[in-house]
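Heads up, the thing below is written out as structure tokens.
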Amino acid sequence: MQDINLKTIKKVHFIGIGGIGVSAIARMMMLEGKIVSGSDMSPNMVTAELAKLGATIYDHHDAKHLPADADLVIYTIAISPSNPEFAKAEELGIPMLTYPEALGQISRDKYTIAVAGTHGKTTTTAMIAKVFLDGGLDPTVVVGSFLKDPIRNNSDQKSLISNGASSQSPKSSADDRPSNFIAGKGKYFIAEACEYRRSFLNLYPKILVITNLEEDHLDYYKDLADIQLAFKELAERVPADGYIVCNTADPHLAPVLAEVKAKVIDYAKINAEGLQLKFPGAHMVADAKAALAVAEVIGVSPSTALRALNEFRGTWRRFDYQGQTANGVDVYDDYAHHPDEVRATILAAREKTKGKVVVVFQPHLYSRTRDFLQQFGRSLSLADEVILLPIYAAREHDDGSINSQVLSQEINNQAGKSEAVADFALAAEKAKTMAGPEDIILVMGAGDVVEVSKLLLA
């Protein structure tokens, strides 16, 4: 990794700027008065928000998009060296950082609180951010979704807006736009730490939160033991005067914690009396307990932390209420894409209604669907009705070994009720016929399945 002084950079180009993490760094750069441009093959809500704030956004990759006078290129780890903008940057000798490397550069100069784990990273990161903001600690935050709570004390963003720090300063207050980045003046940096391709090893955490540890990303990791090795390496980066917040009863964490220097705090033992979240689900309570543990370490008063969590409004695409259909069915959207997440979200929906839970699910990645076929079958069979969309390929190619019809058969074999459909319109149409006013339609997946929610409410 190149050692780059981000403070001296004036013009930055992003390849894959539509990624939720990459876009957070783009926001940070803009708020520092830097000129930002970027490209992404899939324009979305993220790129639309960046464009509104003043970034130059391209909807495809082309070497001519890269400014010849760019000081830095930041790119998602999914980008191939054959990408024309990547190749052009190499040809011009422009310094380049992956998104995780850029995050690591920021982490070096801050008291870093990194939130890792197979599930719950985004919600836990957002909860900790809410506690710190309400506690007056003015943190810098990078989170893997849009925060729904207003950013009350985001002084850097407000000052840049009011002072017009550059021609590309944001065009309206950060308080009234969804944001996945908070620019704080305090010493704390709260960051969601992704394990894919060992990305989180670029961070320098003083406090490490591990929400849980399961098998995932088996297109990269060999097995659970390989994942544990990555988490072990991260845990051992936490200094002796630092803290690791986790559930010590999680059997998968035993080898991770075996040789750590930091103090281990069991969030499962945290007193959560008075916790009354706006969201259902035992997994949400676990995330809140992890946030309370961090608050206790830092010295935020229990009353402030509890009030912040009880007022927490959540994040985009995490049990995210979308509205009602014309016949009064509540529609929720969720990012769940791993069997354990799917199970937890369906059970949370069960807490919310005495009626049926109808699920529209878009499997994410061929490899994940194939590797966890039986687990997906068990989790999805907890719903009353399941409508499956074609698998969202993302970074993979279809080798013909798995499809949604195979998953549907697995669900039905496990006493569930499901069918696979060809497109969003059919999924929305079928969900409407299956659900009534006492029911919930749960739209799930890590791809573009949120479009089904829009069709349901149209």
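Observations on the model:
- The stretch 1-20, residues that are assigned to a helix (DSSP H, G or I) and either open to solvent by less than 10 Å² (accessible area, probe 1.4 Å) or β-branched (Val, Ile, Thr) (or both): Thr8, Ile20
- Any hit, the stretch 254-275, residues being open to solvent by 70 Å² or more (accessible area, probe 1.4 Å), within 24 Å of the chain's Cα centre (by Cα), of a type in the set (Lys, Arg) and at pLDDT 95 or above: no
- Residue selected from the stretch 24-53 under the condition open to solvent by 20 Å² or more (accessible area, probe 1.4 Å) and over 22 Å from the mean Cα position of the chain (by Cα), by the criterion modelled with the highest pLDDT: Ile35
- Qualifying residue in the stretch 399-421 (condition: within 16 Å of Phe319 (Cβ to Cβ), of a type outside the set (Phe, Trp, Tyr) and touching a helix residue (DSSP H, G or I) at 6+ places or on another chain (Cβ under 6 Å)): no
- Of all residues making up the stretch 62-76, the number that are open to solvent by 40 Å² or more (accessible area, probe 1.4 Å), assigned to a loop (DSSP other than H, G, I, E, B) and in contact with a Pro (Cβ under 9 Å, 6 or more places away or on another chain): 2
- Single residue of the stretch 448-458 satisfying the filter (open to solvent by 30 Å² or more (accessible area, probe 1.4 Å) and not in a loop (DSSP other than H, G, I, E, B)) that is nearest to Met45 (Cα to Cα): Glu451
- Qualifying residue in the stretch 227-246 (condition: crowded, with 16+ Cβ neighbours inside 10 Å, in a strand (DSSP E or B) and touching a Pro at 6+ places or on another chain (Cβ under 8 Å)): no
- Residues of the stretch 378-405 that turn out to be part of a helix (DSSP H, G or I) and open to solvent by 70 Å² or more (accessible area, probe 1.4 Å), as a count: 2
- The stretch 358-375 residues that are touching a residue at least 40 places away in the same chain (Cβ under 8 Å) and among the acidic types (Asp, Glu), paired with ones that are open to solvent by 40 Å² or more (accessible area, probe 1.4 Å) and outside any helix (DSSP H, G or I) (beta carbon under 6 Å, 6 or more apart): Asp371/Leu218
- Some residue of the stretch 286-295 being open to solvent by 40 Å² or more (accessible area, probe 1.4 Å), under 25 Å from Ala225 (Cβ atoms), in contact with a strand residue (DSSP E or B) (Cβ under 8 Å, 6 or more places away or on another chain) and at pLDDT 95 or above: no
- Selected residue (criterion: most open to solvent (accessible area, probe 1.4 Å)) from residues of the stretch 339-377 that are of a type in the set (Lys, Arg) and over 16 Å from Arg318 (Cα atoms): Lys354
- Any hit, the stretch 163-186, residues being surrounded by 24 or more Cβ atoms within 10 Å (Cβ to Cβ), of a type outside the set (A, V, I, L, M) and modelled with pLDDT of 95 or more: no
- Of the residues making up the stretch 300-338, those that are part of a loop (DSSP other than H, G, I, E, B), of a type outside the set (A, V, I, L, M) and open to solvent by less than 60 Å² (accessible area, probe 1.4 Å) number 10.
Conditions (1) under 19 Å from Leu382 (Cα atoms); (2) part of a loop (DSSP other than H, G, I, E, B), marked per residue:
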site	(1), (2)
Leu407	yes, no
Glu410	yes, no
Gly416	yes, yes
Ala428	no, no
Gly436	yes, yes
Ala446	no, yes
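- Pairs where the first residue, in the stretch 35-51, is under 13 Å from Trp316 (Cβ atoms) and the second is surrounded by fewer than 23 Cβ atoms within 10 Å (Cβ to Cβ) and of a type in the set (Lys, Arg), C-beta under 9 Å, 6+ apart: Glu49/Arg177
- Restricting the stretch 83-102 to residues that are part of a helix (DSSP H, G or I), within 18 Å of Asp3 (Cα to Cα) and touching a Ser or Thr at 6+ places or on another chain (Cβ under 8 Å), the residue that is least open to solvent (accessible area, probe 1.4 Å): Pro100
- Qualifying positions in the stretch 67-101 - at pLDDT 95 or above, touching an Asp or Glu at 6+ places or on another chain (Cβ under 9 Å) and under 29 Å from Ala193 (Cβ atoms): Val73, Ile74, Tyr75, Glu85, Ile94, Pro95, Met96
- Taken as a whole, the structure leaves Leu203 outside the set of residues that are at pLDDT below 90 and either of a type in the set (A, V, I, L, M) or under 19 Å from the mean Cα position of the chain (by Cα) (or both).
The values are calculated or read from the model by the stated rules, or taken from the named source; none is laboratory data. Owing to the predicted nature of the structure, the values given are computational and were not obtained by experimental measurement. Neighbour counts run over all protein chains shown; Cβ positions are idealised from the backbone, glycine included. Calculation scope for accessible area: heavy atoms of the full protein, side chains included, ligands and nucleic acids excluded. Shrake-Rupley method; radii C 1.70, N 1.55, O 1.52, S 1.80 Å.
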